[in-house]
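Chemist: Take this structure first; my questions come after.
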Amino acid sequence: VERVDVLVVGGGPAGSSCARALREAGLDVAVLDRRDFPRDKTCAGWVTPQVAESLDLDLDDYAKSFVLQPIRGFRTRVIGGREARAVRREVVSYGIRRFEFDHYLLARCGARLRLGEPIEALERAGGRWIANGRLEARVLVGAGGHFCPVARRFAGPARAAEPIVAAQEIEFELADAESARCPVDPEVPELFFTEDLRGYGWLFRKGRWLNVGLGRRDRHRLAEHVAAFLAFLRAEGRLPFDPPRGMNGHAYLLHGEAPRRLAPAPGVLLIGDAAGLAYPRSGEGIRPAVESGLLAARWIRADGARGGDALARAYQRAVEARLGPRRPALRVGVTDLLPAGLARALAARLFAAPWFASRVVVDRWFVHRAQPALRLESRAP
Ligand SMILES: Cc1cc2nc3c(=O)[nH]c(=O)nc-3n(C[C@H](O)[C@H](O)[C@H](O)COP(=O)(O)OP(=O)(O)OC[C@H]3O[C@@H](n4cnc5c(N)ncnc54)[C@H](O)[C@@H]3O)c2cc1C
């Protein structure tokens, strides 16, 4: 049996950020992932500048080898309605390819990597967690994304009723002829909110790569919504060719709605999508994944990787202080108080208004301009 201080299950942005911060404090860490890397992850692949800062990413260096598409704004509209453009001089976000980004982060984290190895067994003995009968640690970090086996083990029957966002996406490389015909400005991704306001679609070009998808807070009839969205893009001339293959599907949970416990068992912390931490308005999940990974590392370091009760409490407090209450009191928005038809009409006008696109959609929902990047204050435990 191989013994480490901390075992991280999942090598996405949450797991690799946590592992790196633990390694910097001298802890012995293993990251186990069922996939070999590089691997694809269903995602639009935009990240905010605060993510780059929290990760100490040298963007110039990263851009030498990988796709790093600067974004200066968004076009927004309700599907079928008029559009607004909110475009800035400065860079408000970046487009990355998860295939490259996740591999880069994992490769540099400094942990022992066990890739291509799914969790098949998880036991508890002598105050330690033992994975697959051969890897043991006092602290277990569940970073396996929405379907994380650590989260599933402790979720109970409530899992089936979780209020998921269901999404489909495809990312493909444009051939020369397609690239010339593609009308999408790489610096200005396009957002298309659904008429019932339960989700949005996007069209996002990163250099030669085009990413198109749609997500909804509703698990029913997603494929129909996606097909209608693609037909709409084709009819409008925004997507002048059919994607080369079928879409990939995935799900996630929004912070404030996710019923999962952040520390569901002794010595166990959940981070990123395993905990259900995506921002409610935008569905951005990479930033909360990275930040929760860093917060978990901060408190595991303070706890000396013993996995005590105080660790669970400290981590939960830290996540709530950063992202807000886990189960907030019922929030009622203006559109909830209006009859559905009126709410739709109001939404169509709002998303076509430049001030709304700029101040609300870009600054508040998508860029979180008011919230600076999370930095761990010191490298020491
Ligand atoms: C269609 C779509 C578009 C999105 N677009 C964006 C976006 O543009 N920007 C943004 O910020 N967020 C976006 N998100 C959300 C974002 O993708 C996630 O929030 C983010 O990937 C969470 O990171 P993570 O590290 O928690 O999990 P993941 O990135 O899912 O990584 C989990 C890892 O765990 C591994 N794993 C899973 N099961 C096991 C197992 N049994 N044993 C071992 N390992 C396992 C997986 O192989 C994977 O490598 C999008 C999500 C979807 C579905």
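The values are calculated or read from the model by the stated rules, or taken from the named source; none is laboratory data. Source: prediction; values computed, not measured. Glycine gets a Cβ as well: all are built from the backbone with ideal geometry, and neighbour counts include every protein chain shown. Accessible surface is based on the protein model in full, side chains and every heavy atom, while ligands, DNA and RNA are left aside. Shrake-Rupley method; radii C 1.70, N 1.55, O 1.52, S 1.80 Å.
Chemist: Pick out, from 272, 68, 91, the residue whose Cα sits farthest towards the positive end of the charge dipole of the chain, with +1 on the Cβ of Lys and Arg and -1 on the Cβ of Asp and Glu.
Modeler: Of the listed residues, the answer is 272.
Chemist: While we're here: Among 61, 28, 102, which one moves the most in a GNM of the chain with springs linking Cα atoms closer than 10 Å?
Modeler: Result: 61 has the largest fluctuation of those listed.
Chemist: Next question, about the same structure. Determine the per residue accessible area of the chain with all protein chains present and a 1.4 angstrom probe, expressed in square angstrom. Provide the component values of the computation, followed by the final result.
Modeler: Working: 16440 Å² over 381 residues.
Using a 1.4 Å probe on heavy atoms only, each residue of the chain averages 43 Å².
Chemist: Calculate how many DSSP beta bridges within the stretch 9-136 are antiparallel, expressed in % of all such bridges and rounded to the nearest 5. Present the calculation step by step, with values, prior to reporting the outcome.
Modeler: Values: 16 of 21 bridges.
Percentage antiparallel, nearest 5: 75.
Chemist: Under a point-charge model restricted to the Cβ atoms of Lys and Arg (+1) and Asp and Glu (-1), what is the dipole moment magnitude of the chain relative to its Cα centre, in debye to the nearest 20?
Modeler: Around 820 debye, computed over the chain.
Chemist: Still on this structure: So how do 315, 94 rank on accessible area, 1.4 Å probe, biggest first, that is with the largest at the start?
Modeler: Values: 315 0, 94 40 Å².
Final ranking, largest accessible area leading: 94, 315.
Chemist: Treat the chain as a sphere of radius equal to its Kirkwood radius over Cα pairs and apply Stokes-Einstein at 37 °C in a medium of 0.692 mPa s; give the translational diffusion coefficient in µm²/s, rounded to a whole number.
Modeler: On the way: Rh = 21.4 Å.
Value of D from the Cα-based Kirkwood radius: 153 µm²/s.
Chemist: Please quote Rg/Rh for the stretch 91-154 to two decimal places, taking the Kirkwood radius as Rh and restricting both calculations to Cα atoms.
Modeler: On the way: Rg = 15.1 Å, Rh = 14.1 Å.
The Rg/Rh ratio comes out at 1.07.
Chemist: Quick one: if you stick a label point 7 Å off each Cα along the C-beta vector at residue 125 and residue 248, how many nm between them?
Modeler: Each label point is offset 7 Å from its Cα along the Cβ direction, giving 3.7 nm.
Chemist: Still on this model: Give me the percent of the accessible area of the chain that comes from carbon and sulfur atoms, probe 1.4 Å, all protein chains in place. Spell out each step's value before the answer.
Modeler: On the way: 8290 of 16440 Å².
Roughly 50 percent of what the probe reaches on the chain is carbon or sulfur.
Chemist: Report the paramagnetic label zone for residue 340: residues of the stretch 220-238 whose backbone N is under 15 Å from a point 7 Å from Cα along the Cα-to-Cβ axis.
Modeler: 220-221
Chemist: With a Förster radius of 45 Å, plug the Cβ-Cβ distance of residue 306 and residue 188 into 1/(1 + (r/R0)^6) and report the FRET value to the nearest 0.05.
Modeler: Details: r = 49 Å, r/R0 = 1.10.
So, using R0 = 45 Å, E works out to roughly 0.35.
Chemist: Right, next: Label-point separation (nm) for residue 1 and residue 159, each offset 7 Å from Cα along Cα-to-Cβ?
Modeler: In this crude label model, residue 1 to residue 159 measures out at 2.5 nm.
Chemist: If you place +1 on the Cβ of every Lys and Arg, -1 on the Cβ of every Asp and Glu, and leave all else neutral, what size is the dipole of the stretch 209-249 about its Cα centre, to the nearest 20 Debye? Each step should come with its number before you reach the end.
Modeler: On the way: 7 positive and 4 negative charges, 31 e Å.
In debye, rounded to 20, the stretch 209-249 gives about 160.
Chemist: Of the candidates 83, 284, 120, which one comes out as most mobile in a Gaussian network treatment of the chain with C-alpha springs shorter than 10 Å?
Modeler: Checking each option, the largest mean-square fluctuation is seen for 120.
Chemist: Between residue 228 and residue 327, what is the FRET efficiency for a Förster distance of 41 Å, r being their Cβ-Cβ separation, to the nearest 0.05? Don't skip to the end; give the middle numbers.
Modeler: Values: r = 33 Å, r/R0 = 0.81.
So the FRET efficiency works out to roughly 0.80.
Chemist: Looking only at 311, 294, 197, which one moves most when the chain is put into a Gaussian network model with springs between Cα atoms under 10 Å?
Modeler: For the chain, modelled as a Gaussian network with Cα springs under 10 Å, the answer is 197.
Chemist: Is it possible to state the helix-based mean residue ellipticity at 222 nm for the chain, with each DSSP H run of 4+ residues giving -39500 (n - 2.57), the sum divided by total residues, to the nearest 500 deg cm²/dmol? What is it?
Modeler: Calculated mean residue ellipticity at 222 nm is -8500 deg cm²/dmol.
Chemist: Something else now. Work out the FRET efficiency for residue 370 and residue 89 from their Cβ-Cβ distance, taking R0 = 22 Å, and round it to the nearest 0.05. Each step should come with its number before you reach the end.
Modeler: Numbers: r = 19 Å, r/R0 = 0.88.
The formula returns an efficiency of 0.70 here.
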